[in-house]
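Read the structure below first, then the notes.
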Amino acid sequence: MDESLHPNLNGDAKVHPTAIVEPAAQIGANVVIGPYCMVGEQVVLGENSILESHVVVTGATQLGPCNRILPFASIGHPPQDLKFRGEPSRLLIGSNNVIREHVTMNPGTEGGGMVTEVGNNCLFMVGAHVAHDCRLGDHVIMANNATLAGHVEVGNYAILGGLSAVHQFVRIGKHAMIGGMSGVENDIIPYGSAMGNRAHLSGLNIVGLKRRSFSRSVIHDLRKAYRLLFAEEGTMSERIDDVVESFGRVEPVMDIINFIRSGADTSRAICRPKLDRAA
C-alpha cells in the first residue's frame with residue numbers, strides 16, 4: 001500500500017494488500033487490517049485493533065483501542081429504519097471488545113439522538129445485532145444471534161442468551177440475564193433473570209452475582225427485596241416505599257428501585273414474574 005495516499009495511516013499499522021482503506025480514515029498505531037477488509041473514509045480505528053479479514057467498517061464509526069473484529073462483520077452501515085434519511089449519525093465503540101463473525105451494528109438516527117454507543121470489554125458472538133440508537137454499557141455479552149431492536153439500553157455486565165430478541169425502547173438493567181430464545185418486550189430490572197417467549201422474570205441472576213463477588217448479605221437482601229417488590233399485596237408504588245424503608249441503605253436494592261422509578265415515563269412496562277414465582 002502506498003502510504004503517501006493514506007496520510008492518517010500510522011506507520012506501525014499493518015494493512016493487507018487486498019484491503020481497501022479510504023485515505024481519510026484514521027488508523028491508530030499497531031492496527032492490523034486483514035485480507036479483503038474495507039474501511040470507510042470517516043472511520044477511526046483505535047490503536048492495537050485487529051480486523052481479521054472480510055470485515056467492513058464504514059460510516060461515521062469510531063472504535064477505541066484493542067478491539068478485535070472477525071470475518072464478515074458489518075459495522076456502521078445505515079440503520080434498518082425506514083425513517084432514516086441519511087442524517088450524519090454516528091456509531092461509537094469503546095475498547096477491548098470482541099466482535100465475532102457476521103455481527104451487525106448500525107449508527108443512530110435523528111429520532112434517537114444520532115448515536116449508537118457500545119462500551120468496553122464486551123463480547124458479541126456470531127450473528128449478534130445492535131440496532132440504531134442502542135446504548136450498551138461495559139462487559140455486556142450478546143450470545144449467538146441475540147438481537148437488539150432500536151433504542152434499547154443495556155447495562156453493565158448484562159448477558160443476552162442466544163437467539164434472544166429485545167423489543168425497541170426496552171431497558172435491560174446491569175447484571176441482568178436474559179435466557180436463550182427469549183422475547184423481551186418489557187424492561188428487565190438490574191440483577192434480574194428473565195426467560196420465555198414474551199419473557200417473564202424468573203428470579204434474580206444469583207449465579208452472576210456470585211461470580212462478581214457480591215457478598216452473601218447483599219444477595220440475601222436482594223432476595224428479600226425482590227419478594228417484597230413483586231408480592232401480590234398492595235400497589236407497586238406502596239411496595240416500592242416498603243422496600244426503600246427496609247433496604248434503603250443497600251445499594252444494589254436501590255439500583256432496582258431507581259431503575260423502576262426512572263422508567264415511569266418510558267414506553268415500556270417493567271417485566272414481572274409469574275404470580276407463582278413472586279413468593
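Where a number appears in this text, it was derived from the coordinates with a stated rule and is not lab data. Given the structure is predicted, the values throughout are model-derived calculations rather than measurements. Cβ: placed from backbone, ideal geometry, glycine included. Neighbour counts: every protein chain shown.
Among 239, 198, 212, the residue with the largest mean-square fluctuation in a Gaussian network model of the chain, with springs joining Cα atoms closer than 10 Å, is 212. For the stretch 21-94, the residue among 21, 48, 58 whose Cα projects farthest onto the positive side of the dipole built from Cβ charges is 58.
Antiparallel beta bridges, as assigned by DSSP with both residues in the chain, represent about 5 percent of the total such bridges. Its Kirkwood hydrodynamic radius, worked out from the mean inverse distance over all distinct Cα pairs, puts the chain at 19.8 Å. Assuming R0 = 25 Å, can you tell me the calculated FRET efficiency for the pair residue 269 and residue 241, based on Cβ-Cβ distance, to the nearest 0.05? E(calc), rounded to 0.05, equals 0.80. Length gained on full extension, residue 200 to residue 114, computed as 0.36 nm times the residue gap minus the Cα-Cα distance: 27.8 nm.
One Cα centroid belongs to the stretch 61-81, the other to the stretch 117-152; the line between them spans 11 Å. Relative intensity of the stretch 3-151 on a log10 scale, I(q)/I(0) at q = 0.12, 0.13, 0.15, 0.20 Å⁻¹, equals -0.43, -0.51, -0.68, -1.18, per a Debye sum over C-alpha point scatterers of equal strength in the absence of solvent. Each stretch of four or more DSSP H residues adds -39500 (n - 2.57); spread over every residue of the chain, this sum gives -5000 deg cm²/dmol at 222 nm. Here the convex hull built on the C-alpha positions of the stretch 210-277 has a volume of 110 cubic angstrom per residue.
Highest mean packing comes first when the peptides 7-16, 164-173 are listed by Cβ atoms within 10 Å, giving 164-173, 7-16. Between 197, 144, 48, the Gaussian network model of the chain with springs among Cα atoms under 10 angstrom shows the greatest mean-square fluctuation at 197. Modelled spin labels at residue 181 and residue 224, positioned 7 Å past Cα toward Cβ, are 3.8 nm from each other.
The Cα-based radius of gyration and maximum Cα-Cα distance (Dmax) for the stretch 108-188 are 11.1, 32 Å.
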